[in-house]
Amino acid sequence: MDMAERADKDLAFMLRYENVAWYDGEVVRILDRRVYPAKTEYVTCRSYVEVADAIRDMVTQSGGPYLAAAMGMALAAKEGAGKKGEAFIAHMEKAASVLSHARPTTMQRMIDITSGCLEAAAAAIVQGEKVDEAVFTEALHTVNARYAKTALAAKYLVDKIPDDGTVMTQCFAETIIGMMLKECRARGKTISVICAETRPYFQGARLTASVVKDMGFDVTVITDNMAAYTLKARKVDVFTSAADVICMDGHIVNKVGTFQIALGASYWGVPYYVTGTPNPKHPTIDTVHIEERDGEEVLSAMGVRTAMAGVKGFYPAFDITPPKLCDGVVTDKGIYPPCDVARYWKKA
């Protein structure tokens, strides 16, 4: 890839590809988003299984796992370099399965990514190329295309934000946040951002807020139980989030807490715009499996136990926002009503 064409240009530190997940020809290094920005540390994965473990263990979150999985496929190709023919293909197919199934709710999108890497590997074999390098190139093209696509969506989203407006976010919407701010900067539009902290990993406080600050915009963090009051008290103009899944029936699956902010936004008349691509592999919400993580994870905060021993925890990682609470699905092709997202796939 011509590095001059990289779509991560002028984005915050943690949105640059090398600082998400990177295969260097020997290992995959993943920025540990569990501790950033207090510490800038990378988890080194020496096998594709370790990459899958890192994804499962929340080393990287939001859009990070998609690049990590692709880089994991490049590492898998290197690991299998001594295998030939069907044995090598079987090895790569196993890697694709392990990586794509690291977390259940986003499995379909991960399958798309690892399948693309499998195709690149097969083509490299036919053409006599180094397979790990071919898969690495495919990983870069995939992430670059995703960033470029998100930049188009950001233009439509920024159209909905008034100058000197206030935007509330949920969790770490990653690329769209960076592209939204980049587009605001290009237009000379000043905005302020309010981030819900997003327990138990504090992605809003640590990751979204860091990106906004890095890119030179005003940012304020609130605790998760302040959102409904803050929408009114701070005169929020737009609530926006990304989505882990946008079903074809208009239901939105995103980090747990999105639904309750959407409820508050609806009550106060604040529009909610979700960004992402409607997924035809999820025709209805019934096809989505909501991941429930170990309840112990909610009983501590940044390594400090907050509940008495013996107290139980419950941790659904995502929730479901019904289409009636969303004012529009923002895509690279425009903004669609949630109940009409099928039109996205009909538009050239």
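List of remarks:
- Within the stretch 214-233, tally of residues that are under 15 Å from residue 166 (Cβ atoms), assigned to a helix (DSSP H, G or I) and not aliphatic (A, V, I, L, M): 3
- Breaking point among (1) among the acidic types (Asp, Glu); (2) exposed (fewer than 14 other Cβ atoms within 10 Å of the Cβ); (3) within 20 Å of residue 242 (Cβ to Cβ), for residue 332: (2)
- Filter result for residue 134 (among the hydrophobic types (A, V, I, L, M, F, W, C), outside the structural domain of residue 241 (by TED's automatic domain parsing) and farther than 20 Å from residue 22 by Cα): no
- Residue in the stretch 199-213 that is outside any helix (DSSP H, G or I) and among the β-branched types (Val, Ile, Thr) present: no
- Out of 259, 239, sole residue that is of a type in the set (Phe, Trp, Tyr) and assigned to a strand (DSSP E or B): 239
- Residue identified as at positive phi and of a type in the set (Ser, Thr, Tyr) among 198, 190, 169, 150: 198
- Considering 86, 93, the condition of being surrounded by fewer than 22 Cβ atoms within 10 Å (Cβ to Cβ), more than 30 Å from residue 328 (Cα to Cα), among the charged types (D, E, K, R) and touching a residue at least 12 places away in the same chain (Cβ under 8 Å) is satisfied by 93 alone.
- Taken together, the criteria exclude residue 239 from residues that are touching a Leu at 6+ places or on another chain (Cβ under 6 Å) and at pLDDT 95 or above.
- Residue within the stretch 252-266 that is closer than 30 Å to residue 37 by Cα and free of Cβ contacts under 8 Å to residues at least 60 places away in the same chain present: yes
- Failed item in (1) out of contact with any Asp or Glu (no Cβ under 8 Å at 6 or more places or on another chain); (2) not assigned by TED's automatic domain parsing to the domain that holds residue 228, with residue 171 passing the rest: (2)
- Among residues of the stretch 270-312, those that are of a type outside the set (Phe, Trp, Tyr) and touching a residue at least 24 places away in the same chain (Cβ under 8 Å), counted: 26
- Condition met for residue 331 (without any contact (Cβ under 8 Å) to a residue 60 or more places away in the chain and closer than 25 Å to residue 249 by Cβ): no
Conditions tested, residue by residue: (1) without any contact (Cβ under 8 Å) to a residue 12 or more places away in the chain; (2) over 15 Å from the mean Cα position of the chain (by Cα); (3) closer than 19 Å to residue 205 by Cα.
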position: 34; (1), (2), (3): no, no, yes
position: 48; (1), (2), (3): no, yes, no
position: 51; (1), (2), (3): no, yes, no
position: 56; (1), (2), (3): no, no, no
position: 59; (1), (2), (3): no, no, yes
position: 65; (1), (2), (3): no, no, no
position: 71; (1), (2), (3): no, yes, no
position: 78; (1), (2), (3): no, yes, no
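- Close pairs (6 angstrom Cβ cut-off, 6 or more residues apart or separate chains): modelled with pLDDT of 95 or more in the stretch 209-225, basic (Lys, Arg) and surrounded by fewer than 19 Cβ atoms within 10 Å (Cβ to Cβ) anywhere: 219/213
- Filter result for the condition that a residue is buried (at least 23 other Cβ atoms within 10 Å of the Cβ) and not in a strand (DSSP E or B), over 70, 38: 70
- Flag if residue 114 is assigned by TED's automatic domain parsing to the domain that holds residue 293, β-branched (Val, Ile, Thr) and modelled with pLDDT of 95 or more: no
- Yes/no for residue 278 being in a loop (DSSP other than H, G, I, E, B) and surrounded by fewer than 20 Cβ atoms within 10 Å (Cβ to Cβ): no
The values are calculated or read from the model by the stated rules, or taken from the named source; none is laboratory data. On a predicted model such as this, the values are computed, not experimentally measured, just so you know. A quick note on method: Cβ atoms are made from the backbone with ideal geometry, for glycine too, and the neighbour counts reach across all protein chains shown.
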